[in-house]
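First up is the structure itself, then whatever we jot down about it.
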Amino acid sequence: MAVERQHVKEQDKIQRRSNFDPVESNLTEEQVKLEASRCLNCKNPRCVKGCPVNIQIPEFIQAIKEGNLDKAGEIIRQTSMLPSVCGRVCPQERQCEGNCILGIKGEAVAIGALERYVGDNTSAKNVEIVPTGKKVAIVGSGCAGITAASDLRKAGHEVTIFEALHQCGGGLRYGIPPFRLPRTVLDREIKNLKDMGVKFEKNVIVGKSITLKQLKEDGYDAIFICSGAGLPKMMNIPGENLNGVYSANEFLTRVNLMGADGKDAVTPLRVGKAAAVIGGGNVAMDAARTAVRVGFEKVYIVYRRTEAELPARLEEIRHAKEEGVIFQFLHAPVEIYNKDGYAAGMKFEIMELGEPDESGRRKPVGTGRYTDLDVDSVIVALGTGPNPIIQKSAHLDGLDFEVDSKGYFTVNPETRETSIPAIFAGGDVAPVGTSNAINAMGAGKKAAKAINEYLRQ
């Protein structure tokens, strides 16, 4: 009899609405053994090809089958220093699990759950570092920066990560809520880097606190820019500047990093009766589910296409629905109503789907019909663009980067090198494909490989 896919236990859907504790728990030891037994150990593993950092998935699962969890951890960490993170936040259904052959006629192997279990129950092995005498500066401590730092440190280079905020982790810390990614997990992964000898400089805004030119003058032989895309995209509609209107970046950062939902918060949130979250990606789901937990009576996800086009992870959509989030599809924002300087409702145009656009999805087309939504807070989750602070400061120093029409760094897609020698860029400042943790890690690995080759010339 075939073994069925093992599922993690989830916190009660009513109970979790009022706390930030992890929604999912790990598989049990017995479940892990059963799930590992489902892997066919394919000779041509499509799952590996679906992983942007090429984790040798059948190999680490085989180690689990053999009862050697430490070996499984070593195999994963050969290519990824963030197994506990990736096992929780990666879109496995579109990547490794989406390519699993078992998923053709049934359910794919729960690769993400197995990776998370291994990451949580093993430690990074001490690596012997042979110093090269070379120094690398990494701007940003998110997925791309952490990945590049790990690979470059293993290669023997002195690595320093410069982080603009007072805590490290980038978008993993300020963007992803703790009910998806517990802070203890993230802190443990960062500690592994510190134990390897990677240095962290916090509260340093490259482009303001220090410039790229100064980093080069300080003896850094190469620089990797992975500072994220911190400039929120807004709707450009009347009422967008009213009180009670937030970008998702601001909303999530204030809660996740600054504790704005707490009683003693320095910058408390104004929690009203109803919030509208504009967008349909993972950030929109995170914002909506966070809004539920901080106390909004009603929370809406408002999306201009249908549910079939939602880009968010299926798991995130399911969790949002379970937690009471209300989905409004085929609605496009037109105006935010003003009452004494505060948001007091929204006007939307009803849409219908037309012909596919450049993304391959059917384009929303206005119908000329309108409707209102009674909300007193609006959270805009339409993505972010690159903050030009680094480019502007570099320009003043005579370093003129090539950028594309949207302001992202133009890079060699294989090496991630910018138009200026010895300076590389990746992650959300020079995106490739969908913006997510694992793709950023893939960019970090490419950059680290190219930097290492450059430094060894």
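The values are calculated or read from the model by the stated rules, or taken from the named source; none is laboratory data. The structure displayed is predicted, hence computed values, not measured ones. When we count neighbours, we look across all protein chains shown, and the Cβ atoms used for this are built from the backbone with ideal geometry, even at glycine.
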Scan region 192-210 and tell me whether some residue there is hydroxyl-bearing (Ser, Thr, Tyr), at pLDDT 95 or above and surrounded by 17 or more Cβ atoms within 10 Å (Cβ to Cβ). no
Within region 186-249, considering only strands (runs of 3 or more DSSP E) that don't extend past its boundaries, which have at least 2 residues that are closer than 22 Å to residue 287 by Cβ? 245-247
Checked region 317-359 for anything within 30 Å of the chain's Cα centre (by Cα), closer than 17 Å to residue 297 by Cβ and part of a strand (DSSP E or B); matches are 326, 327, 328, 343, 346
So which pairs qualify, if the first residue must be in region 186-215 and in the same structural domain as residue 153 (by TED's automatic domain parsing) and free of Cβ contacts under 8 Å to residues at least 60 places away in the same chain, the second must be of a type in the set (Ser, Thr, Tyr) and surrounded by fewer than 17 Cβ atoms within 10 Å (Cβ to Cβ), the Cβ gap must be under 8 Å, and the two must be at least 6 apart or on different chains? 203/209
Take the residues in region 106-128 that are charged (D, E, K, R) and assigned to a helix (DSSP H, G or I); name whichever of them is surrounded by the fewest Cβ atoms within 10 Å (Cβ to Cβ). 120
Exactly one of (1) assigned by TED's automatic domain parsing to the domain that holds residue 198; (2) out of contact with any Phe, Trp or Tyr (no Cβ under 9 Å at 6 or more places or on another chain); (3) over 22 Å from residue 54 (Cβ atoms); (4) hydrophobic (A, V, I, L, M, F, W, C) is unmet by residue 129. Its number? (1)
For region 352-367, indicate whether the set of residues that are among the hydrophobic types (A, V, I, L, M, F, W, C), touching a Lys or Arg at 6+ places or on another chain (Cβ under 7 Å), in contact (Cβ under 8 Å) with a residue 24 or more places away in the chain and not assigned by TED's automatic domain parsing to the domain that holds residue 440 is non-empty. yes
Looking at region 56-77, can you tell me whether even one residue there is in contact (Cβ under 8 Å) with a residue 40 or more places away in the chain and assigned to a loop (DSSP other than H, G, I, E, B)? no
